1. Based on DSSP H runs of at least 4 residues, each adding -39500 (n - 2.57), what is the mean residue ellipticity at 222 nm of the chain after dividing by all its residues, to the nearest 500 deg cm²/dmol?
2. Pick out, from GLY36, LEU88, GLY14, the residue whose Cα sits farthest towards the positive end of the charge dipole of the chain, with +1 on the Cβ of Lys and Arg and -1 on the Cβ of Asp and Glu.
3. List the relative contact order of the chain as a percent without decimals, with contacts defined as Cα pairs under 8 Å and 6+ residues apart.
4. How large is the translational diffusion coefficient of region 15-93 in µm² per second when you combine the Kirkwood radius over alpha carbon pairs with Stokes-Einstein at 10 °C and 1.306 mPa s?
5. If the label point is 7 Å along Cα→Cβ of LEU51, which residues in region 1-22 have backbone nitrogen under 14 Å from it?
6. When ranked by the protection proxy of mean other Cβ atoms within 10 Å per residue, highest first, what sequence do the peptides 36-47, 75-86 form?
7. Subtracting the Cα-Cα distance from 0.36 nm times the residue separation, let me have the gained length for LYS4 to CYS93 in nm, one decimal.
8. With only Lys, Arg, Asp and Glu charged, each at its Cβ (+1 for the first two, -1 for the last two), find how big the charge dipole of region 19-75 is about the Cα centre; round to the nearest 20 debye.
Amino acid sequence: MTDKPYRFRLYIVGGQVGSLRAEPDLRRTLDACVGGQYELEVIDVRARPDLVEADRVLAAPTVIRLTPSPVRRAIGTLSEVTRVASALGLPPC
């Protein structure tokens, strides 16, 4: 169990250009909006089809805010800080 208030799960397809940029783009947004107060789990969809199905992921990259409730998600390019922060319900950054 983590003591960080925000938990995210990022689904990627390893080796694809959009997925290679997804993690650093997402971290830039998270660092700007919530500082170090987050935990990020990165999942390759080919390695964890069980999680892909459980989380109903239809495209990659997809990021899911697991906590705090309610669950929120952003799909596709994660380079636009304002759009991603809004989709994930993050505080203004």
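Derivation of every value follows stated rules applied to the coordinates shown; laboratory data play no part. Predicted model, so just to flag it, every value in this text is computed and none were measured. Heads up, the Cβs are rebuilt from the backbone with ideal geometry, glycines too, and the neighbour counts pull from every protein chain shown.
1. -10000 deg cm²/dmol
2. Projecting each Cα onto the dipole axis, the largest value belongs to LEU88.
3. Taking the mean separation of contacting Cα pairs over the length of the chain, I get 37 percent.
4. Value of D from the Cα-based Kirkwood radius: 123 µm²/s.
5. So the set is 7-14.
6. So the peptides 36-47, 75-86, ranked by packing, come out 75-86, 36-47.
7. Using 0.36 nm per residue and subtracting the Cα-Cα distance, I get 30.2 nm.
8. It comes to approximately 200 debye.
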